[in-house]
Amino acid sequence: MTQYKDFLVAIWHEYKQHWFYFLILISGVNLLVDLLVIPLFQFGVSGLLQLGNITYLSYTNFLSIFMDHPFVSLGLIILIGFLLFVTFLQFVFVLRGIVQIRQHRFYVKSLIAETKQVVLHTNWKTSILFFAYLFLLLPFFSVFFLNSPLLSKIVIPQFIFDEIVMEPLYLIPFLCIVAILFYFGIRFVFTLPEIIIRPKRFSVAMVLSWQRTKNKFLFYALRYALIAALLFVVTNALYLGIYGIQSLFDLLPAPFPVIAVAINLALVQLIHFLLNMFAIMAYSSIFIDELIEETPKPLTRNMRPLYRRKYWLLSIISVCVVAYNMLYSSITVEKEPVTISHRGVSEANGVQNTIEAMERTMKLNPDYIEMDVQETKDHQFVVMHDKNLSKLAGVNKAPQELTLQQLTKLTVTENGYTAKIASFDAYLKHADAHGQKLLVELKTSSLDSKNMVKNFIDQYGDQLEENHHRMQTLSHQAAEALKKDAPNTFVSYILPFNFSFPTTDFDAYTMEQTTLNATFTSKALLANKEVFVWTVNSADDIRRSLFLNVDGIITDDLETLNGELESFKEEPTFADQILMYVMLYSDR
């Protein structure tokens, strides 16, 4: 235990001595990436899509873009290559910078020269191996190496994660894969540093890392775990303390709460930056300590003027940050979103997409009930989400393989309830009889008839429009057909990933919550489009969605959503704004 305590003490002393240079190095690089590289990439993607007259980018149309738009595809490949190169450049620059700081010779001009030398000595074979290695260890990259603004944009959507966790068939293989990746991540942890610091060829670096970590897996794993646990405890304790202090100031008369929130937000930002610097320095110390020899020297003449003026520089930055925070503290929730029950249930109060569950859910007064519709073998429509009936009905068939009569005779079981599969006729009739508006998701399949969308609109279009129901679909083709055949029908296009902002004639976009951000909602506002977010179940996620000013929240827990909306009908407290700032921005 003593060795781990000494390890943390040594890291802390190193950090205290050089925190200013870590701040300049890492914050400078991250700001450059955030303010220049990422906007340029997004501008490039949008420009390419416009040149190719492509209205959207999703996993559903990747293949068609590469098949039908070769020049756009080439441009996207070049942009992705540029992004990968910048990622590699960032890691080289920061890691070489940390080495310079540890050797007391930090100088930007020499750092640029060293970075250039490493890049020029990296051949194309090494680059390919490096990027394969990077994506293999992507889930752990911010832990094993450095936190990159580019890599932080790559996340596992919540709906995929929930699907894995809730299904043992997926969960066990997933945990095995995570464990294997973690093991190899530790064993190859010295690979990238060997390439950047020495430098060495990729294959040689991997062999050296494997040898260096032989019989020492637990030694390194425990160090990483110790740093992660320390950062988690300290970060949450500090944020909770600031939240509590602001809650007390909120009880005082104006202008004390406004002044306090500006200062407290500045403290949150300062803590975030300093702890981010500490995390990078601490994680990198695990391998840098074994790869370099420190050569204590006085500060180089080139850095002395900047070092002497560090407090002036920090004071100017602090004034700008406090001014920004005064502006941020004036932000309020501009609109109350509509409440939408996901698959017609709330808190597992029935079998999804059944009339019995809808009856219970209507008692919670949702603005809309979201439900799923699929075509049947005889070109009718049934209320069902799953592509296969085995999970709910125990029948290994797709809905498109059975007639409506066959389907409505089946019993579905979920959450301790049983019910009959409902036809869309019966479901819609029951909703209209009770004045309940629906958000109808049209599910598509390769088994659908050629005129499936037209058949649906012919049967239900007038009734949907008359009773102000809304439509959504994951299929861009189906969404276009809906707007063509029923131009007055409200249609939302579902986006599982936030790749780029689409340019379509649809009325709204339904975005998976994990990748939804303020940039998307701001663009939607300018384009006069609504934004629905799914599936939002926790109080924290609900508050985050409110501060993103979404138009609708799709949830499995209407009671929690209604409670949060009730509390937000009044002006949110400044303490709430601090909490929202932490949730929205501190992970960047």
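Rounded if a/c is under 1.5, else prolate if a/b beats b/c, else oblate: with a ≥ b ≥ c from the C-alpha gyration tensor eigenvalues square-rooted, which is the stretch 1-50? Oblate, because a/c is 1.5 or more while a/b does not exceed b/c.
Each peptide among 43-56, 261-274, 363-376 gets the average number of other Cβ atoms lying within 10 Å of its residues, and from highest to lowest they stand as 363-376, 261-274, 43-56.
Oblate is the label for the stretch 398-441, because the ratio a/c of its alpha-carbon gyration tensor axes (a ≥ b ≥ c) is 1.5 or higher and a/b is not greater than b/c.
With distances taken between every two different alpha-carbon atoms, the chain has a Kirkwood hydrodynamic radius of 27.2 Å.
Ordered by the number of other Cβ atoms lying within 10 Å of each residue's own Cβ, fewest first, THR87, THR403 fall into the sequence THR403, THR87. In this structure, TYR183 and LEU226 have a Cβ-Cβ separation that, at R0 = 22 Å, corresponds to a calculated FRET efficiency of about 0.75. Backbone phi angles across the stretch 480-487, fed through the Karplus curve with coefficients 6.51, -1.76 and 1.60 (θ = phi - 60°), yield HN-Hα couplings of 5, 5, 4, 5, 6, 7, 9, x Hz in residue order; Gly and Pro are listed as x. By the beta-carbon count within 10 Å of each Cβ, the least crowded to most crowded order of TYR493, TYR224, TYR243, fewest first, is TYR243, TYR224, TYR493.
Using R0 = 45 Å, the C-beta based FRET efficiency linking LYS397 and SER522 works out to 0.50.
As a calculated quantity, the FRET efficiency between LEU63 and LEU364 at R0 = 35 Å, using C-beta atoms, amounts to about 0.25. Take the alpha carbon gyration tensor of the stretch 436-475, find the square roots of its eigenvalues, order them as a ≥ b ≥ c, and report rounded if a/c is under 1.5; if not, report prolate when a/b exceeds b/c, else oblate. Judged from the Cα gyration tensor, the stretch 436-475 comes out oblate (a/c at least 1.5, b/c at or above a/b). For the stretch 20-36, putting each phi into the Karplus relation 6.51 cos²θ - 1.76 cosθ + 1.60 with θ = phi - 60° gives couplings of 5, 6, 4, 5, 4, 5, 6, 5, x, 5, 5, 5, 4, 5, 5, 8, 10 Hz, in residue order, rounded to whole numbers and with x for Gly and Pro.
Within a straight-line Cα-Cα reach of under 17 Å, LYS363 can be paired with the following lysines, leaving aside sequence neighbours fewer than 8 residues apart in one chain: LYS437.
For THR418, THR473, THR489, the sequence from fewest to most other C-beta atoms within 10 Å is THR418, THR489, THR473.
Derived scalar couplings between HN and Hα for the stretch 471-478 equal 10, 8, 7, 7, 8, 5, 4, 5 Hz in order, rounded to whole Hz, by the Karplus curve 6.51 cos²θ - 1.76 cosθ + 1.60 (θ = phi - 60°), x for Gly and Pro.
A short reminder: the numbers here are calculations on the coordinates, not readings from a lab. Since we're looking at a predicted model, the values are computed, not measured. Here Cβ is always computed from backbone atoms with ideal geometry, including for glycine, and neighbour counts include all displayed protein chains.
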